[in-house]
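Asker: Quick one: the structure is below, and I'll ask about it shortly.
The values are calculated or read from the model by the stated rules, or taken from the named source; none is laboratory data. Given the structure is predicted, the values throughout are model-derived calculations rather than measurements. Here Cβ is always computed from backbone atoms with ideal geometry, including for glycine, and neighbour counts include all displayed protein chains. Side chains included, ligands, DNA and RNA excluded: accessible areas come from the protein's heavy atoms. Shrake-Rupley method; radii C 1.70, N 1.55, O 1.52, S 1.80 Å.
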Amino acid sequence: RRRRTRTLVAEDDPLYPHTILQIDLHGMAMSGALPEQVLPMLPALQSLVLYGNALEGPLPSDLYTLVKLKHLELDNNMFTGVISEDIQNLVNLESFYISENNFSGEIPSEMGACTKLTNLWLHDNSFQGTVPSTFGKLVNLEKLYLNGNDVTGSLSEEMGELSN
């Protein structure tokens, strides 16, 4: 999953001419918060890779409007706050890496709407509560990491029936 290059990839799309599809700025020693005003200008963004920086603060609400997003890699930063129930809007999300941050609260059950997820890395945060039963809807899930949180309870029967 790890790429060595830092890239911005643009492509002409009839709906969004001269649109950025991928942003990969991992390991660039960036700090501060993700700016709210930038994300609405990236409606066709499919991949946002910002792992290994010093980014902090809560995730901007506009992040959950990027409905074409497939890969979101925000691990190994200093993000805080909760994951919004609006995560359910990211129905094309395949990889969601937010490990090694300072997220807290419960893992939202609405994440079960992201049925294309194959990789879900939530480890080493401060999540609490139980694993949502809606995770049983993640039929494409191959890797789920929850260690390093305060998540208790058992997995739902539906999760036991996942084939990947």
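Asker: Through the Karplus equation 6.51 cos²θ - 1.76 cosθ + 1.60, θ set to phi - 60°, convert the phi angles of segment 108-119 into ³J(HN,Hα) values in whole Hz; use x for Gly and Pro.
Answerer: Per-residue couplings from phi come out as x, 5, 4, 4, x, 6, 8, 6, 8, 4, 10, 10 Hz.
Asker: Here is a follow-up. Using a 1.4 Å probe on the protein chains only, how many percent of the accessible area of the chain belongs to carbon and sulfur?
Answerer: Answer for the chain: carbon and sulfur cover 50 percent of the accessible area.
Asker: Accessible area per residue, 1.4 Å probe, Å², for the chain: what's the number?
Answerer: 51 Å²
Asker: Per q in 0.14 Å⁻¹, report the Debye log10 I(q)/I(0) for the chain, using one uniform scatterer on each alpha carbon and no solvent.
Answerer: -0.70
Asker: Just how large is the dipole of the chain about the Cα centre, in debye to the nearest 20, putting +1 at every Lys and Arg Cβ and -1 at every Asp and Glu Cβ?
Answerer: Taking the Cα centre of the chain as origin, the dipole is about 520 debye.
Asker: Leu34's amide H: which non-local residues (gap 5+, or another chain) put their own amide H closer than 5 Å, with H modeled 1.01 Å from N in plane and none for Pro or chain starts?
Answerer: Excluding prolines and chain starts, which carry no amide H, the hits are Glu56.
Asker: Work out, step by step, the length gained on full extension between Ala33 and Thr115: first 0.36 nm times the residue separation, then minus their alpha carbon distance; give nm to one decimal.
Answerer: So the extension gain works out to 26.7 nm.
Asker: Could you give the semi-axes, largest first, of the ellipsoid that matches segment 84-164, computed as the square roots of 5 times the alpha carbon gyration tensor eigenvalues and rounded to whole Å?
Answerer: 18, 15, 12
Asker: If you plug each phi of segment 43-50 into the Karplus form 6.51 cos²θ - 1.76 cosθ + 1.60 with θ = phi - 60°, what whole-Hz ³J(HN,Hα) values come out, in order, with x for Gly and Pro?
Answerer: x, 9, 4, 10, 9, 10, 10, 10
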